[in-house]
Amino acid sequence: MKLVCHAPHPPLSQWVEMIWHYECAPLPFSLEKLMPTGRVDLIINLNDEALRVHDPVDVRQIEHYRGPLFSGVQGSFSVIDASQQTLIMGVAFKPGGAHVLPGFGVAEISDTHLSAADVWGNEVLFLWEQLAGLPDAWSRVHALERALIKVIARGRQRDMHASVQMALQEFHHCPTATSVRELADDSGLSQRRFIELFTRQVGITPKLYSRIQRFQRTLQQVHARRQVDWCELAFDAGYYDQSHLIRDFQQFSGLSPTQYRALRTKHPNHVGLTDSAQG
């Protein structure tokens, strides 16, 4: 397994958290669950085949996407074909960062996926072929970085509203400390207007975004710890009690925390999907 992660340079670093490249041997399971993160991702399968995304309720239903694929902000887990993870790369946009991309609105692709070719046409398919033909991970990463800078530069620049930037910072530091009403009051906007702006630029409501960030913090702790005191973890994460933690965890992952610990992989947001864990 070989993973390359690159934090881009300015100006791309304003909007992109990471460009990554992953190469590995075939995995021992056929499907993977991906946990929700609150951000948009661009996924590029460097093998010459369509990306397959499975329905999370009925994995027998499959959508096929040829070329690079946008994964919108997901409100729950998604299911992908693990066999396609042998040579793949992608872009993890910062929360709200994909708002600057020309051709679509972030909220339009929430809880769904979109072929990049449907947005940018044959140009993105040429980029896909170019990346696949380059000799190594770093040359691909830098080529993708240059391509993204050009796409954003020639698109209609859309700045993030100051109130949305402030809210994202607050949620990053402590997902449960500040209410949506307080954030709206601090921005000088009505609560309705604040929620509308946040949803349009980030892709989901501020309440759902906050819950996903709290889930992500919990997930990282559950993944990293050898032993877990569930009551202590629930309190530290800002849940009412252990039952509240378990309900949220099941909603976002489709698994209980105990099931997640049994199925976890090296990557906290990836879970190998066995027959008993499907759905």
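For the list (1) in a helix (DSSP H, G or I); (2) at pLDDT below 95, I need the number of the one condition that residue 160 fails.
All conditions are met except number (1).
Looking only at helices (runs of 4 or more DSSP H) that lie completely in the range 216-275, which have at least 1 residues being under 25 Å from residue 58 (Cβ atoms)?
Once the helices (runs of 4 or more DSSP H) in the range 216-275 are filtered for at least 1 residues that are under 25 Å from residue 58 (Cβ atoms), what remains is 242-253, 257-263.
So which of 184, 107, 167, 92 is under 30 Å from residue 244 (Cβ atoms) and outside any helix (DSSP H, G or I)?
Working: 184 fails: outside any helix (DSSP H, G or I); 107 fails: outside any helix (DSSP H, G or I); 167 fails: outside any helix (DSSP H, G or I).
So the residue among 184, 107, 167, 92 that is under 30 Å from residue 244 (Cβ atoms) and outside any helix (DSSP H, G or I) is 92.
Please find, among 79, 40, 91, the residue that is over 29 Å from residue 12 (Cβ atoms) and either crowded, with 22+ Cβ neighbours inside 10 Å or modelled with pLDDT of 95 or more (or both).
Result: 79 is the single residue among 79, 40, 91 that is over 29 Å from residue 12 (Cβ atoms) and either crowded, with 22+ Cβ neighbours inside 10 Å or modelled with pLDDT of 95 or more (or both).
Which one is farthest from residue 166 (Cα to Cα) among residues in the range 181-239 that are at pLDDT below 90 and under 22 Å from the mean Cα position of the chain (by Cα)?
Checking each candidate, the answer is 224.
Determine whether the range 175-188 contains at least one residue that is touching a residue at least 24 places away in the same chain (Cβ under 8 Å), assigned by TED's automatic domain parsing to the domain that holds residue 91, over 19 Å from residue 40 (Cβ atoms) and surrounded by 15 or more Cβ atoms within 10 Å (Cβ to Cβ).
no
Could you please find all residues in the range 36-56 being within 22 Å of residue 201 (Cβ to Cβ) and either among the aliphatic types (A, V, I, L, M) or outside any loop (DSSP other than H, G, I, E, B) (or both)? Reasoning before the result, please.
Of the range 36-56, the ones within 22 Å of residue 201 (Cβ to Cβ) are 36-43.
Hits for the range 36-56 are 40, 41, 42, 43.
The values are calculated or read from the model by the stated rules, or taken from the named source; none is laboratory data. Nothing here was measured: the structure is a model prediction, and the numbers come from that model. All Cβ positions, glycine included, derive from the backbone under ideal geometry; neighbour counts span all protein chains shown.
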